[in-house]
Amino acid sequence: MSPSNETAEGREAPLVIVGAGQAGAMAARALRELGHAGELVLIGDEPHAPYERPPLSKAVLADEGMPDIGLLPEPFQAQSGLALKRGRRVVRLDPARRELHLDDGGVQPYRACLLATGGGVRVLPALPPGTPGVHYLRTLDDARGLRAALRTARSLLVIGGGFLGLEIASTARALGLDVTVIELGPALLGRVMPPEASRWLATRVQAHGVRLLLGAKLSGLEAVGGGIAATLADAGELRAELAVVAVGQEPNVALAREAGLLIDAANGGIRVDARCRTSAEGVYAAGDCASGFDAATGTHRRLESWQNANEQARIAAAAMLGEAAEPPPPPWFWTDQFGCNIQMLGHGAPGLAYHLRGPLPEGREPGKAMLFGIDGDRLVHAIAINAGGDLRAFRNVLGRSLACAPETLADAGIPAKQLARLALGPASA
Ligand SMILES: Cc1cc2nc3c(=O)[nH]c(=O)nc-3n(C[C@H](O)[C@H](O)[C@H](O)COP(=O)(O)OP(=O)(O)OC[C@H]3O[C@@H](n4cnc5c(N)ncnc54)[C@H](O)[C@@H]3O)c2cc1C
């Protein structure tokens, strides 16, 4: 062991995780499950024990009683010997000395370190956090603040019609608020959905009584007495008691950047290889802050999803122990909004030919449908609307050349499992 792997007392330095969110907590669990019995430190700047974020815009916001969102069960916290430092921020990474500097002046040596710092909300300069009536949503405290505000407000302006903005709009509408969503793009979720699905979703949002403004260019935005005023280039002024800004996130990469680690210019994430190793020896990265290697395309991508955080945490934990891990399953994402559970496998891309296994549910009705995105003869993207169970059958099909005509995937008369077998061909038998 090199001297830099030892503490001042000559003990083997611990494994240290920076960021006690989804990836950080799951990596801590994985390290213990993989048999790491030595010192393990998890440092997070939030005051809470690690928790899951997806319920924040759903059950937590809807005030359906507080769901259990903890990521580290009490028995794990009590028995694992994990040193969880809450409310503590890492302010500097020194990869040469293998040290982390904390906001209380402390220095934490490490043998291997995982950066799991996630991302922060992208801020609109006209409506910075803290402006009365303005909310952003990333943390449990944000969700509690927004929930309290939604209880008494009558109107809400959601700026940004991405997954998060739509989930918040859906929840607020269900609580009875008058909701307007402003989206700059010409279509809802136009980068991850084909036009027919975007149109369907827009119709559904409107069927729930939300005023939806697409291609909406804001020319003015200000907090006025008792609310928010938004001026739109071609739709005049809108006023609401509350505004939620949901215009994306910025990965937290300051520590990595200042330490000289490679940052991907294309997506702003910390560049890692297939084993989550950064460009600095002994430093790993996982989750929303990482630009991971996508073996399917040979490119790097930064994903903001629960599954990606879990998978990269698992892979990074193994790598920190010098072990290889199973490669990740296909990317998977879900959202719950306007009475629909929407799940996706793989990635949408311009130019894919989509086949609908429908029909798409009309208005506010339930009903299920799927869309299959084909590139040449390969299935590269699948969207399931209230059909998560059916989607599972296609995990093995993703990325492969179809053994059946792509149009066959549209045949709703063939049960999903049988259809997936047809798509895989005799090799699956
Ligand atoms: C409201 C909401 C709803 C979502 N819904 C879905 C969904 O339906 N489906 C889905 O797939 N995904 C969803 N996501 C995305 C998913 O939750 C994230 O992709 C996931 O949490 C990423 O995990 P992470 O560990 O990378 O980051 P995080 O969970 O954000 O954790 C990072 C932690 O690191 C801390 N930190 C940062 N810098 C430092 C530092 N220097 N020192 C110490 N600590 C630091 C942060 O404060 C944070 O606690 C949602 C996210 C949000 C916010």
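The values are calculated or read from the model by the stated rules, or taken from the named source; none is laboratory data. It should be emphasised that the depicted structure is a prediction, and the values quoted were computed from it without experimental measurement. Note that we place each Cβ from the backbone using ideal geometry, even for glycine, and neighbour counts take in every protein chain shown. What goes into the accessible areas is simple: the full protein's heavy atoms, side chains included, and nothing from ligands, DNA or RNA. Shrake-Rupley method; radii C 1.70, N 1.55, O 1.52, S 1.80 Å.
Worth pointing out:
- Point-charge dipole on Cβ atoms (K/R +1, D/E -1) for the chain, about Cα centre, debye to 20: 400
- Toward the positive end of the charge dipole of the chain, with +1 on the Cβ of Lys and Arg and -1 on the Cβ of Asp and Glu, the farthest Cα among Gly351, Ser279, Ile17 is that of Gly351.
- Longest segment of the chain lacking GluC sites (Glu not before Pro) that sit in a DSSP loop with at most 15 other Cβ atoms within 10 Å: 65-280
- The gain in end-to-end length when the Ala148 to His48 segment is fully stretched comes to 34.1 nm, 0.36 nm per residue minus the alpha carbon separation.
- Ordering Arg364, Arg301, Arg98 by accessible surface, largest first, gives Arg364, Arg301, Arg98; the 1.4 Å probe counts only protein heavy atoms, with every chain in place.
- In sequence order, the range 343-358 has phi-based couplings of 10, 9, 10, x, 10, x, 7, x, x, 6, 8, 9, 10, 8, 9, x Hz under the Karplus curve 6.51 cos²θ - 1.76 cosθ + 1.60, θ = phi - 60°, and Gly or Pro positions carry x.
- Each of Gln307, Ala290, Phe372 was scored by the projection of its Cα onto the charge dipole of the range 286-374, and the greatest displacement toward the positive side belongs to Phe372; charges sit on the C-beta of Lys, Arg, Asp and Glu.
- Theoretical FRET efficiency, 1/(1+(r/R0)^6), r = Cβ-Cβ of Leu214 and Asp63, R0 41 Å, to 0.05: 0.90
- Among Leu184, Leu93, the order of accessible area from largest down is Leu184, Leu93, computed with a 1.4 Å probe on protein heavy atoms.
- With the simple spin-label model, which puts each label point 7 Å out from Cα in the Cβ direction, the Ala223 to Glu365 separation comes to 4.5 nm.
- Area projected by the alpha carbon convex hull of the range 339-428, averaged over all directions, nm²: 5.5
- Working from Cα pairs under 8 Å separated by at least six residues, relative contact order for the range 50-159 is 23 percent.
- Trypsin sites (Lys or Arg not before Pro) within the range 101-173, DSSP loop, no more than 13 other Cβ atoms inside 10 Å: Arg122, Arg154
- Measuring only protein heavy atoms, the 1.4 Å probe finds Tyr354 accessible over about 40 Å².
- Solvent-accessible area, 1.4 Å probe, carbon plus sulfur percent, for the range 1-141: 51
- Computed lengthening from Glu407 to Ala78, 0.36 nm per intervening residue step minus Cα-Cα distance: 113.0 nm
- Dipole magnitude of the range 339-428, debye to nearest 20 (Cβ charges: Lys/Arg +1, Asp/Glu -1, about Cα centre): 320
- Extension gain, Glu250-Thr231: 0.36 nm per intervening residue step, less the Cα-Cα distance, totals 4.3 nm.
- Beta bridges by DSSP in the chain, antiparallel share as percent, to the nearest 5: 65
- For the range 123-247, the equivalent ellipsoid derived from the Cα gyration tensor has semi-axes of 22, 17, 14 Å, listed largest first.
- Residue-by-residue Karplus 3J(HN,Hα) for the range 403-415, coefficients 6.51, -1.76, 1.60, Hz, glycine and proline x: 8, 10, 5, x, 4, 4, 4, 7, 6, 6, x, 9, x
- Under 5 Å between amide hydrogens, built in the peptide plane, is the criterion, and for His381 it picks out Gly373 among residues at least 5 positions away or on other chains.
- Lys, Arg +1 and Asp, Glu -1 on Cβ, resulting dipole of the range 123-247 about Cα centre, debye, nearest 20: 260
- Charge dipole of the chain about the Cα centre (unit charges at C-beta), most positive-ward option of Pro54, Gln249, Ala197: Ala197
- Annotation for Asp294 and Arg257: the two label points, set 7 Å from Cα along the Cα-Cβ direction, are 2.3 nm apart.
- Entry note, the chain: the mean residue ellipticity at 222 nm calculated from DSSP H runs of n ≥ 4, each adding -39500 (n - 2.57), is -6500 deg cm²/dmol after division by the residues and rounding to the nearest 500.
- Counting heavy atoms of the protein chains alone, Phe76 has an accessible area of about 40 Å² for a 1.4 Å probe.
- Cut-off under 5 Å, modelled amide H: who pairs with Leu221 long-range: Thr231
- Per residue, the average separation of C-alpha pairs within less than 8 Å and at least 6 apart gives the chain a relative contact order of 13 percent.
- Spin-label pair Glu323/Asp104, simplified geometry with 7 Å Cα→Cβ offset, distance in nm: 3.2
- Principal axis dimensions, largest first and in whole angstrom, of the chain by Cα: 67, 67, 40
- Annotation: amide H-H contacts under 5 Å for Gly425 (H modelled 1.01 Å from N, sequence separation of 5 or more, or interchain): Ala403.
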